[in-house]
1. Taking region 201-228 on its own, how many of its residues are in a strand (DSSP E or B) and in contact (Cβ under 8 Å) with a residue 60 or more places away in the chain?
2. Any residue at all in region 38-60 that is surrounded by 13 or more Cβ atoms within 10 Å (Cβ to Cβ), touching a residue at least 12 places away in the same chain (Cβ under 8 Å) and β-branched (Val, Ile, Thr)?
3. Considering only residues that are buried (at least 18 other Cβ atoms within 10 Å of the Cβ) and of a type outside the set (Ser, Thr, Tyr), look in region 228-251 and name the one that is nearest to THR29 (Cα to Cα).
4. Quick one: LEU85 ticks every box in (1) surrounded by 15 or more Cβ atoms within 10 Å (Cβ to Cβ); (2) without any contact (Cβ under 8 Å) to a residue 12 or more places away in the chain; (3) part of a helix (DSSP H, G or I) bar one, so which box is it?
5. How about region 1-52: which of its residues are part of a helix (DSSP H, G or I), modelled with pLDDT under 90 and of a type outside the set (D, E, K, R)?
6. Hey, SER84 hits all of (1) under 20 Å from ALA16 (Cα atoms); (2) out of contact with any strand residue (DSSP E or B) (no Cβ under 8 Å at 6 or more places or on another chain); (3) among the hydroxyl-bearing types (Ser, Thr, Tyr) but one; which does it fall short on?
7. Please go through region 15-36 and give me each residue that is surrounded by 19 or more Cβ atoms within 10 Å (Cβ to Cβ) and among the charged types (D, E, K, R), ordered by number.
8. Please name all residue pairs, on different chains or six or more residues apart, with Cβ atoms under 8 Å, provided the first residue is in region 64-82 and is of a type in the set (Phe, Trp, Tyr) and the second residue is outside any helix (DSSP H, G or I).
Amino acid sequence: MKIIKASERQREDKGAKVVIAGKAGVGKTSLLYTLPDEGTLFMDFEAGDLALEKNGGWKGDTIRPKTWQEARDFACYYGGPNPSLADDQPYSQAHFDHLVKQHGDPAEAISKYSTLFIDSITVAGRLCFRWCKQQDEVYTDKTRKINNFAVYGLHGREMMDWLTHLQHIRNKNIIFVGILDEYQDEFNQTVYSLQIEGSKTGRELPGIVDEVITMHINKDEQGKTWREFICHTDNEYNYPAKDRSGLLNAIEEPHLGKLLTKLMPTKSGTVTQKFDHTIPTQETKKKEVA
């Protein structure tokens, strides 16, 4: 086992792992406009790229997994193999080698991407749940009825394996987008959580990512609205939020490029990557046309 010296660790190319939660329609998918087109890969589970056709359209590359197997294959291909796994397990060396034979060297295919934008983890969870319900291990031996406990158990393991594999891609930014759920608890208090099948993933996901951020629409007394990122656990809305880096303010501008720049300072005080993309508006589009 190699000991990594501090100087080596500081020189490593790092990436942030971020969850963005927000209610439907808040503009989560449009955050792609704040990332560089060339360096970002959009993993579109929701067929949500219609939101990116307005204002001239987003110019980056897209992948659209239709099955849970495709989602697992991509995570293995993009992140490389886990050498600790047996050959018959997903994300193993054998799984990776099989994908390389099918699709070629991943270094050539994915080296240009510094950020993977996954929209949404909510729909990914549904794909996984549907796949889990079709597996032999979730049926009882005698009656062939589905054992719901087995389904949720398998779903929790599958989702955490997938998320953990993506989280271990050290040199890439991974942005998970998800729908924010709102409900009343037994004490009639409003509670917010990430919308995802099963309790295991929602409970454990905040522990494996660097940042949990809620995208929120605020309003002043005159009715003017604006979007913002809620980044600290202690917030007035009781939104899910966590800043492991300690570099973010309680409220940040809803701009992923600027957020990633802030999260990745080097020891000299400069930044490893710099993004300067803004979300297009009708006004900026009119100026471009003119």
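1. Filtering region 201-228 for residues in a strand (DSSP E or B) gives 211-219, 225-228.
Next cut, in contact (Cβ under 8 Å) with a residue 60 or more places away in the chain only: 211-217, 227.
Total satisfying the criteria: 8.
2. Yes: one or more hits.
3. Among residues in region 228-251 that are buried (at least 18 other Cβ atoms within 10 Å of the Cβ) and of a type outside the set (Ser, Thr, Tyr), the one nearest to THR29 (Cα to Cα) is PHE229.
4. (3)
5. Across region 1-52, the qualifying residues are ALA6, SER7, GLN10, GLY48, LEU50, ALA51, LEU52.
6. Result: SER84 fails condition (1) only.
7. LYS17, LYS28
8. PHE74/MET43; PHE74/ILE63; PHE74/PRO65; TYR78/LEU116; TYR78/ILE169; TYR78/LYS172
The values are calculated or read from the model by the stated rules, or taken from the named source; none is laboratory data. Here the structure is a predicted model, which means the values were calculated and not measured. In this analysis, Cβ positions are derived from the backbone assuming ideal geometry, glycine residues included, and neighbour counts consider all displayed protein chains.
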